[in-house]
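In what follows, a single structure is set out as structure tokens and then discussed.
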Ligand SMILES: [Zn+2]
């Protein structure tokens, strides 16, 4: 199956100033609303690509902004438009390009979640009325995103022997990466002892297992592969393969989460993306994993074939997931320490690693970077490369 | 009991029989009259065979622990006084999973598979919450 292999490439990436904006938000200011962050990122992305707005004929916006309004703000009348999360925006752009409905698609995201005090748990939780689990589980006090992952990790730990200290490898490795990333919010290195001493939020998960909440914007320019070579200022980063598989049955009562750890979705998605790209986990120089919570990483490392099933605790501790170890994961610091842009900043980090632009945190001779996410059983995977 | 400040079940017509049964000290799940599939939460059709012919069937109340967590932070005002508090996930003998709370004494680190049985706690005049007691 060739599918979307090599159909499109990323030619431009842009992010807002997470560090500067976060300092202003914490001081009580409001640098931008979600549209404003999106606009900053978009301008940086077309500048990075070396193209003009007129080269763009597709627009896909993230879930936290309004499609029509972003098109109006940025002055884009596209031949293809839509709204998706980060990973599906990349895939939809490839599909639009493959089908001839667009040739150069801007993917644009902005989120003022911190300054707008968006809640991800409790009675005001974003989307609470739509997520059935919140409705059904509230009378027993089970109403936060983190608690769902805590429940999942407790059982995983009991079955596999991946301990809390093993899990701490994730927060420590990603903080090390962030310490080498001038664009990251949390740059002070931590140790495993710091991790173990950090307070529980919902045990067995500690404070350092939780992602940040901050404002920001991200944009990517995805372009048809031949056109990309003609118009881009930098060498395009190819999208070699994509995959998706969702587990919806029994979702509210947490069956795919607690009984299967979403493994069947990851395995189906892995087969799709590796077959399409013609490469496998052994070919990857770095991995980016959606990390609203740290435990996404061990689940994904097993599910996508980076270590043997049941062996991830030892793998993380002995072979290592930090920069300079066996398999660098979330090389910019991820959602835990870089910025919580709901998967968008992971795409940018993947592109920059393949370009070799990452300075002190650059993975040597980085040819392939694998992104994957399994948010609530929706397994999505993308392989970027030279 | 008018001072109860924790979240209560929403007015979901599909769930009404579950709460009526709970008030009568019966734990029940939706069951398909066509294929026999037992599922929770309820749906407008059977998720296995898509039949609309569904009923509520009492279950034994026996269950096994799947996992549990301890909240050290309260996301609802009604839970502030109880932090830290536990939430568990149990597998009913009949198959479906339920989120709930422990009732009664709990060991330091209860393991998956620990046998449990349902108890009901009246929290308002109309609502009884099913919770689970560890079977000695
Ligand atoms: Zn049926």
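No lab work stands behind these numbers, since they all come straight from the coordinates. Because the structure is predicted, anything quoted here is derived from the model rather than measured. Cβ: placed from backbone, ideal geometry, glycine included. Neighbour counts: every protein chain shown.
Couple of notes before you dig in:
- Rounded tilt (10° steps) of A:86-98 against the dominant C-alpha axis of chain A: 40 degrees
- Cα-based helix-to-principal-axis angle, A:145-160 vs chain A, degrees rounded to 10: 60 degrees
- GNM remark for chain B: springs join alpha carbons under 10 Å apart, and the peak mean-square fluctuation among B:91, B:64, B:74 falls on B:74.
- Centroid-to-centroid separation of segment B:15-44 and segment A:285-310 [C-alpha atoms, Å]: 37 Å
- Of all DSSP beta bridges in chain A, antiparallel share, percent nearest 5: 75 percent
- Just checking the listed ones, A:187, A:352, A:325: in the Gaussian network model of chain A with Cα springs under 10 Å, the one fluctuating most is A:325.
- Segment B:16-134 - share of DSSP beta bridges that are antiparallel (%, nearest 5): 95 percent
- Stokes-Einstein diffusion of chain B at 37 °C, 0.692 mPa s viscosity, Kirkwood radius from Cα pairs, rounded to a whole number: 205 µm²/s.
- The calculated FRET efficiency for the pair residue A:213 and residue B:77, based on their C-beta separation and a Förster distance of 22 Å, comes to about 0.60.
- At an R0 of 41 angstrom, the distance between the Cβ atoms of residue A:357 and residue A:163 translates into a FRET efficiency of 0.70.
- GNM top mover of A:340, A:262, A:67 - chain A, alpha-carbon springs below 10 Å: A:67
- For segment A:284-386, share of DSSP beta bridges that run antiparallel, in % to the nearest 5: 60 percent
- Reported to the nearest whole Å, the Cα centre-to-centre distance from segment A:1-32 to segment A:344-386 is 14.
- One Cα centroid belongs to segment A:236-254, the other to segment A:56-73; the line between them spans 23 Å.
- Only helices enter this figure: runs of n ≥ 4 DSSP H residues, each worth -39500 (n - 2.57), summed and divided by the residues of the protein assembly as shown, yield -8500 deg cm²/dmol at 222 nm to the nearest 500.
- Across the alpha-carbon atoms of the protein assembly as shown, the computed radius of gyration and Dmax are 23.8, 73 angstrom.
- Once the C-beta distance of residue B:20 and residue A:2 is scaled by a Förster radius of 60 Å, the resulting FRET efficiency is 0.60 to the nearest 0.05.
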